[in-house]
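Since the structure comes first, as structure tokens, the remarks are kept for the end.
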Amino acid sequence: MAEGTLIAPAYVSQLTAALQHRLPDAKVHAEQIRRDRYRLIVIAEEFENLGHPERQRIVWEVADETLSKGDLLNIGMIITIAPGDYPDTNLA
């Protein structure tokens, strides 16, 4: 393995897969924010006509159904973005 290469813990991969299953068009990016804490960014067309609370309900329901309580505590935040939120960029 190359020096500096990070392999995310299994719970990050599990949550990423579950989010992509629930939101098939989504792009999910995970980044380490501390030793064992991660933040996820989810960009999905399905968020386009939803407000922030509805978007967060979707992703946190998936997280709660997918992860153990201990692993769930290691998810610092899940940022939800619709491609139309930033129309002048190429987020999608």
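The values are calculated or read from the model by the stated rules, or taken from the named source; none is laboratory data. None of the values given here were measured: they were computed from a predicted structure. Glycine also receives a Cβ, built like all others from the backbone with ideal geometry; neighbour counts cover every protein chain displayed.
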Quiz item: Considering only residues of segment 18-62 that are among the charged types (D, E, K, R) and assigned to a loop (DSSP other than H, G, I, E, B), which is nearest to ILE81 (Cα to Cα)?
Solution: GLU48
Exercise. Identify the single condition in (1) modelled with pLDDT under 95; (2) buried (at least 18 other Cβ atoms within 10 Å of the Cβ) that TYR11 does not satisfy, given that it satisfies every other one.
Key: (1)
Quiz item: Could you count how many residues in segment 68-92 are over 15 Å from ARG39 (Cβ atoms) and buried (at least 17 other Cβ atoms within 10 Å of the Cβ)?
Solution: 2
Quiz item: Can you name the residue in segment 26-67 that is of a type in the set (Gly, Ala, Ser) and touching a residue at least 24 places away in the same chain (Cβ under 8 Å) and is also surrounded by the most Cβ atoms within 10 Å (Cβ to Cβ) among such residues?
Solution: ALA44
